[in-house]
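Shown next, in structure tokens, is the structure this report addresses.
Since every read-out is calculated from the coordinates, none of them should be taken as a lab result. A quick note: this is a predicted structure, and the numbers were derived from the prediction, not measured. Note that we place each Cβ from the backbone using ideal geometry, even for glycine, and neighbour counts take in every protein chain shown.
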Amino acid sequence: MLKFSSQNCLKNKHILLICIVSIGAFLRFWNLGVWSFWIDEVLTVLDAREFSLSNSPINPVPYIAAKFSVFLGEKLSFLAQGEGEWNGRLIFCIAGILSIPIVFSLGQTLYNSRVGLFAAAFVALSNWHLFWSQNARSYIFTFLFAVLTAWFFYRSLENDSTLLTICALFFCICLILSHLLAAAIVPALAVYSILQLLEERNKKRWINLLLFFLPFALPVLMLILPQIRGHLFSGWGHNEWGRSPIYIILTLVESVSIPIVVTAFFAAIVNLRDRATRFLLCFAGVPLVLLLIASQLQNVAGYYLFWTTPAYFILAAVACTYIWEAIAADKSNLLKVLLPCLIVVVLLSQDYLYFRYENGGRPKWREAFEAIQTVHKPTDVLVLSEPEMARYYMPTLEAVDIDKLVKDKVDFEKEWKNAGWKRLWFIVDVASFNVLDSDMTVRNWIRERGRMIETLPAFSRAKDRTIHIFLLD
């Protein structure tokens, strides 16, 4: 079993942590307002405009954050790079930055300061964490609240503290109110608690655990309500995209990065009997198993597990620290830094691709609407796969869902004729059309009837996010 003593804590940990957080903040603010919104961000921002106590979704946290972010961003408009995008993402970016020192605190609590610093550095440079920090979506809040929940819960068990238990309960509720499927953290913490109770008998610990877990019995009973079941199994439910368990695992591995996952795996194997390691294995492993099972019935994406990634970063940091301390003091320092340097190089290379070539992992929706804005007529009609994008970027023009053309070209042409043969702008985003129009019949029809106005290329991790603009006049 690997043990870490306070003697190994780095003397300049606070200075190093400030440097790590500063680098992370610089990366997260870089191009924050340059990237266009993508469809999920637009849906969040539009829904946030209408958010109120009487009109609240089941996961209100991201909508409250987006509403406040837009308000705060407008007050700080002199800093904005892209106005709407910068405003809408500001609070999410700040949440991403705050999560870096909190990961350090969790790593330090579980092991020591060196582990905390390595883990914080990996998070600061993580391409996936960077992406969600620059996104007006719920996932960076799931990461933040998951780390806080884990930190307070572990400390509450170690110290048998009722106050820390209440803090863990509060942040766990915030986590679930950020994304409903993040409730998988509750059985993860329950499994760890059972393992601990089998080793130790402590009356106060029983009371604290009941205080934490009993409030979650009511939400389970609420599954009998049709509106709750409807939220879980409507819209994107029933796994209509066919995401298999293998696909979900590969998404998770690719996004965290292969060196992080491999290093974390070996750290877990070597340290399996260590209490902190078991905690991290429960934190990451139990939700993974549950969501892989759920993926057979419910649509589950790899990024739904984003909030479990702190365990991977910390375990990778444990492996780096183990090698660092295992190598004798008289050996070359090059061997000590080899593994962390390898991880950092991989993470930096992903960041370079993200900024230099991948357009922040987003299609160029805003640029597409700007191209149309300069030459459109008031009577023109937009035809696209995501009408809500037009509602946000170009609300003055009528927007039609491409679904009408996909289902029946003849009926679509009749409606077009009855409308007086208005000019049609087709915004063809390749990623969506590859699903909606897999046989290319609609795109061939558009090419035959119209002319291409502009192409806006974008590629992210081998996925084509290019947008083509066609005009039918």
| query | Which longest uninterrupted range of the chain lacks any trypsin sites (Lys or Arg not before Pro) assigned by DSSP to a loop state (not H, G, I, E or B) and surrounded by at most 11 other Cβ atoms within 10 Å? | reply | 12-200
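Taking the beta-carbon count within 10 Å as an exposure proxy, list Thr251, Thr379 from fewest neighbours to most. Walk me through the intermediate numbers first.
Numbers: Thr251 18, Thr379 11.
Least to most surrounded, the residues fall as Thr379, Thr251.
Estimate the FRET efficiency between Val406 and Phe68 by the formula 1/(1 + (r/R0)^6), using the beta-carbon distance for r and 35 Å for R0, to the nearest 0.05. Each step should come with its number before you reach the end.
Values: r = 38 Å, r/R0 = 1.09.
That gives a FRET efficiency of 0.40.
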| request: Per DSSP H run of at least 4 residues, take -39500 (n - 2.57); add these up for the chain, divide by its residues and hand me the 222 nm value, nearest 500 deg cm²/dmol. | output: -20000 deg cm²/dmol
| Residues whose placed amide H lies under 5 Å from that of Phe459, excluding near-sequence neighbours | Arg465
| field | Computed over region 269-321, Cα set: Rg, Dmax in Å | value | 12.7, 41
| query | Modelled label-to-label distance, Lys417 and His14, 7 Å Cα→beta-carbon offset: nm? | reply | 7.8
| What angle, in degrees between 0 and 90 and rounded to the nearest 10, separates the Cα long axis of helix 309-326 from the longest principal axis of the Cα atoms of the chain? | 40
| remark: Proximal lysine pairs in region 6-361, meaning Cα under 22 Å and 8 or more positions apart or interchain, come to 4
| message | Are there any GluC sites (Glu not before Pro) in region 373-473 that are in a DSSP loop and have at most 13 other Cβ atoms within 10 Å? List them by number. | response | none
| field | Listed values (1) 24.5, 84; (2) 32.1, 100; (3) 22.0, 73, entry calculated as Rg and Dmax of the Cα atoms in Å | value | (1)
| request: Compute the acute angle (0 to 90°) between the alpha-carbon long axis of helix 185-199 and the principal axis of greatest extent of the alpha-carbon atoms of the chain; round to the nearest 10°. | output: 10
